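> I'd like to ask some things about the structure below.
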Amino acid sequence: MTIKENIQELQDRLKYSGFWETLNKDLEKQIKAKKSDFELNMTKDLRDKKLGYGLHFRKSDEGRYYYNGFDARLSTPEGKEVSQRFYQNQGITAKEALNLLEGRSVFKSLFSKEGERYNAWLQLDLGIRDEKGQHPVIQYHQNYGFKLEDAVKEFPLKDLKYPDRLDLLLYSLKKGNRHEVEIEGNDSKFLLEANPRYKTLNIYDGEGKRMKYNVMKAAQDLVEAEAKKNPQTKNRSKGVKV
């Protein structure tokens, strides 16, 4: 493999990992300088938080460079920081790393020690660290019993009527995103995120405040009951807060 091919291979890997072309020039510069092990850094401002990445590269005895993974660090204005190293073979992207550091779960296709493929939701145990300073990774295996599609259908979402929007919602939730949705009978915006541990979804209002499902469901039932009594109230009921 030539240096040019090696650089292109690594740039493609960074793109797949969600870093796109941001670090391409620095990567090429470090390799052409024939550095052995090196790290590339980048930061992002996320409103009141700051996200930092440190990507690790290693040169083999044969002279080929490999991408080993990255460290991700999330800092708050209060000075709190949560961090984790994600290895290349875990297949975690830059955005998925952020979602994990914020406590959400990510759906991944993995391989067992025997080489068999399986699916699982991953979540960091942010309450503890091991001897290497890493947060343990909790897995909710595909046999755990959480079915995202069924959980989504428990909510009266407008997205359920549109296959493309539903596919996007499921894809986004599996990435660990907090996804904006619309609820039938209400003009307000809401946010959903997967909660495989409890086999359900968390719902938030437009300001990011966690809502109780039973409260939302009770308000929704009231909207539907009023609409059945008097169809003319259906449009006026859209402003009901849940």
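The values are calculated or read from the model by the stated rules, or taken from the named source; none is laboratory data. None of these values were measured; they are calculated from a predicted model. Cβ coordinates were reconstructed from backbone atoms using ideal geometry, including for glycine residues, and neighbour counts include every protein chain displayed. Accessible surface is based on the protein model in full, side chains and every heavy atom, while ligands, DNA and RNA are left aside. Shrake-Rupley method; radii C 1.70, N 1.55, O 1.52, S 1.80 Å.
Yes/no matrix, rows are residues, columns are (1) surrounded by 15 or more Cβ atoms within 10 Å (Cβ to Cβ); (2) over 21 Å from residue 18 (Cα atoms); (3) at pLDDT below 95; (4) within 14 Å of the chain's Cα centre (by Cα):
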{"position": "77", "(1), (2), (3), (4)": "no, yes, yes, no"}
{"position": "112", "(1), (2), (3), (4)": "no, yes, yes, no"}
{"position": "123", "(1), (2), (3), (4)": "yes, no, no, yes"}
{"position": "131", "(1), (2), (3), (4)": "no, yes, yes, no"}
{"position": "138", "(1), (2), (3), (4)": "no, yes, no, no"}
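> Do you know which residues across the stretch 190-199 are loosely packed, with under 15 Cβ neighbours inside 10 Å and in a strand (DSSP E or B)?
Result: no residue meets the conditions.
> Examine the stretch 165-178 for a residue that is in contact with a Leu (Cβ under 6 Å, 6 or more places away or on another chain), open to solvent by 60 Å² or more (accessible area, probe 1.4 Å) and within 24 Å of residue 93 (Cα to Cα), and state whether such a residue exists.
Yes: one or more hits.
> For the stretch 140-156, name all the residues that are exposed (fewer than 15 other Cβ atoms within 10 Å of the Cβ) and in a loop (DSSP other than H, G, I, E, B).
Hits for the stretch 140-156 are 143, 144, 145, 147, 153, 154.
> Within the stretch 126-134, does at least one residue satisfy the condition of being closer than 19 Å to residue 211 by Cβ and free of Cβ contacts under 8 Å to residues at least 24 places away in the same chain?
Within the stretch 126-134, none of the residues are closer than 19 Å to residue 211 by Cβ and free of Cβ contacts under 8 Å to residues at least 24 places away in the same chain.
> So, one more: Applying the selection to the stretch 6-25, what residues are touching a strand residue (DSSP E or B) at 6+ places or on another chain (Cβ under 8 Å), over 22 Å from residue 75 (Cβ atoms) and open to solvent by 40 Å² or more (accessible area, probe 1.4 Å)?
Of everything in the stretch 6-25, just one residue is touching a strand residue (DSSP E or B) at 6+ places or on another chain (Cβ under 8 Å), over 22 Å from residue 75 (Cβ atoms) and open to solvent by 40 Å² or more (accessible area, probe 1.4 Å), namely 13.
> Here's something else I'd like to know. Looking only at residues in the stretch 79-110 that are of a type in the set (Gly, Ala, Ser) and either touching a helix residue (DSSP H, G or I) at 6+ places or on another chain (Cβ under 6 Å) or over 20 Å from residue 48 (Cβ atoms) (or both), which one is least open to solvent (accessible area, probe 1.4 Å)?
It comes out as 105.
> Further question on the same structure: Can you tell me which residue within the stretch 179-189, out of those that are open to solvent by 10 Å² or more (accessible area, probe 1.4 Å) and over 17 Å from the mean Cα position of the chain (by Cα), is farthest from residue 99 (Cα to Cα)?
Here the answer is 185.
> Of a type in the set (A, V, I, L, M, F, W, C), in a helix (DSSP H, G or I), touching a helix residue (DSSP H, G or I) at 6+ places or on another chain (Cβ under 8 Å) and open to solvent by less than 50 Å² (accessible area, probe 1.4 Å): does that describe residue 160?
No.
> Here's something else I'd like to know. Check 62, 28 and return the single one that is without any contact (Cβ under 8 Å) to a residue 40 or more places away in the chain, part of a helix (DSSP H, G or I), open to solvent by 30 Å² or more (accessible area, probe 1.4 Å) and not basic (Lys, Arg).
28
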